[in-house]
Amino acid sequence: MRFLLYSLNYSPELTGIGKYNGEMSGWLVNNKADVQVISAKPYYPEWEVYPDYSGLGYKTSVESDVLVTRCPLYVPAKPTALKRIVHLASFALTSALALTTKLFSSKTRPDVLFVVQPTLFITPVALLFAKLVGAKTVLHIQDYEVDAMFGLGLANEGSLLSRIAYGVETWLMRRFDVVSTISFSMIEKAKQKGVNADQMLFFPNWADTDFVTPDVDGSSIRNEWGLASSDKVVLYAGNMGAKQGLEMVLEAAAKYQTEINQAAGAVKFVFVGAGAHVDALKQMAQDLQLDNVIFKPLQAWEDVPAMLVMADVHLVVQKKGAADAVLPSKLTNILSAGGRSVVTAEVDTELGQIEANYPGIYTLADPENLDAFIAALDTELNKIDQNDGSHNVIARKYAEEYLNRDAILSNFLDNMQQIIKQ
């Protein structure tokens, strides 16, 4: 199988879509697929092109037996709605030129063109290219970017702009042979947008359950970061952007510092990662004079299992609307590590349904509700004493059964081979 991945994000990005794309490509190569990638130069979540990839030109290289073409793009240091649109459009333009070069050699023409959303901007040229070379097309939705835009108030629902955006989105999605996505609620949303049920494929994000386990020692990271063994560590790890609403976590930290009884040990809040709002969050923590908050940069992948086990409670935090149809990628590894976690989502979302179907897997809290968030956090913190600090067995069992990387990717490869034959 000749497989062409066309996506904004790719390894060596350490979080989110880039990480999953890199792992998928490596796995497919190890299972006899010929994989090529067209992607942007890595920039996420720092919103700054990595130093080794700077410059205005393209960069093509073979990385772990994958032919990767890196395309230049505009990366705003401080993303706004308009700047994000220019950012996405710049990649659509430069990557279209890279895709065009694949037309001229039979060796570079794929059997499957796998396009990842975001961004929807690249889909028109992807569909045209596939038609010219006779490739099957798969649109894989990691995030509904049109929904995210309106959910975060970047434009008004019901406006002329929103009607046009949703109409174009539906028209494009229906022209792919297959539309895959990462959760059942996202599949239902695709159907609501007009995608036929027989076009849909469930392709969830995964965890390396053999690598990310509860059976590692996180004490060295605690010591390195100045955390006492008696501290109760609340960890947020990942992108620090607008849709997370992490200001609420700092407000909670202020209450734990000044109002909530900490006789059983201090509650420390650790933020690990990068993103467009990290500087604003650091400034807010400074303004609130929080001495129970620590900021750390993204950690190397080999240190992630120990970092996850080090924490007593994990946070999966998003604003209202942002969690309606998105299953946060960070949750897979939290569950694989047997982590206890607080998840902000409404009960009718995918995250809410998982919590209802697997009681104890995590504690759900209403988004943007500080009192509900603190109550959920108290619930999880109290479980530490009740369970002598042992891991969350329900979370780990769920990961082993539903999030195993090899099982998910084996099923995906079978599906791709079947699509080629159709």
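Have a look at Val304, Pro328, Gln286 and report the one farthest towards the positive end of the charge dipole of the stretch 219-401, computed about the Cα centre with Cβ charges (Lys/Arg +1, Asp/Glu -1).
My answer, from the dipole projection, is Val304.
Of Phe203, Ala190, Ser180, which is farthest towards the positive pole of the stretch 174-214's charge dipole, taken about the Cα centre with +1 and -1 on the beta-carbons of Lys, Arg and Asp, Glu respectively?
It is Ala190.
Tally Lys and Arg at +1 and Asp and Glu at -1 over the other residues with C-beta under 14 Å from the C-beta of Lys296: what net charge comes out?
For residues surrounding Lys296, the net value is 0.
Let me check against my output: what whole-number percent is the relative contact order of the chain, with C-alpha pairs under 8 Å and at least 6 apart?
It comes to 14 percent, rounded to a whole number.
Using only Cα atoms, tell me the angle between helix 278-287 and the longest principal axis of the chain; keep it within 0 to 90° and round to the nearest 10.
Relative to the chain, helix 278-287 is tipped by roughly 20 degrees.
Applying a 10 Å radius around every beta-carbon, put 99-105, 356-362 in order of their mean neighbour count, most first.
356-362, 99-105
Put +1 on the Cβ of each Lys and Arg and -1 on the Cβ of each Asp and Glu in the stretch 34-179; which of Leu113, Trp47, Ser64 then has its Cα farthest toward the positive end of the dipole?
Leu113
³J(HN,Hα) across the stretch 329-344 via Karplus (A = 6.51, B = -1.76, C = 1.60, θ = phi - 60°), whole Hz, x for Gly/Pro?
5, 5, 5, 4, 6, 4, 5, 4, 7, x, x, 8, 8, 10, 10, 8
Once you have the Kirkwood Rh of the chain from its Cα pairs, apply Stokes-Einstein at 10 °C and 1.306 mPa s and quote D in µm²/s.
Diffusion coefficient, whole number: 71 µm²/s.
What Kirkwood hydrodynamic radius, in Å, does the stretch 121-259 give when the mean of 1/r is taken over all pairs of distinct Cα atoms and then inverted?
19.2 Å
The stretch 50-134: D in µm²/s via Stokes-Einstein (Kirkwood Rh, Cα pairs, 10 °C, 1.306 mPa s)?
My calculation gives 111 µm²/s for D.
Calculate the translational D of the stretch 219-401 in whole µm² s⁻¹ from Stokes-Einstein, where the hydrodynamic radius comes from the Kirkwood formula applied to all Cα pairs, the temperature is 20 °C and the viscosity 1.002 mPa s.
Result for D is 131 µm²/s.
How large is the dipole of the chain about the Cα centre if only Lys and Arg carry +1 and Asp and Glu carry -1, each at its Cβ, rounded to the nearest 20 debye?
Charge dipole, the chain, about its Cα centre: 1880 debye, nearest 20.
Provide, for q = 0.11, 0.18, 0.21 Å⁻¹, the log10 of I(q)/I(0) from a solvent-free Debye sum over equal Cα point scatterers in the stretch 293-422.
Summing over Cα pairs of the stretch 293-422 leads to -0.45, -1.06, -1.32.
Bear in mind these aren't lab numbers, they're just calculated from the coordinates by the rules spelled out. No experiment lies behind these values; they were computed from the predicted model shown. Don't worry about glycine lacking a Cβ; one is built from the backbone with ideal geometry, like all the others, and counts go over all protein chains shown.
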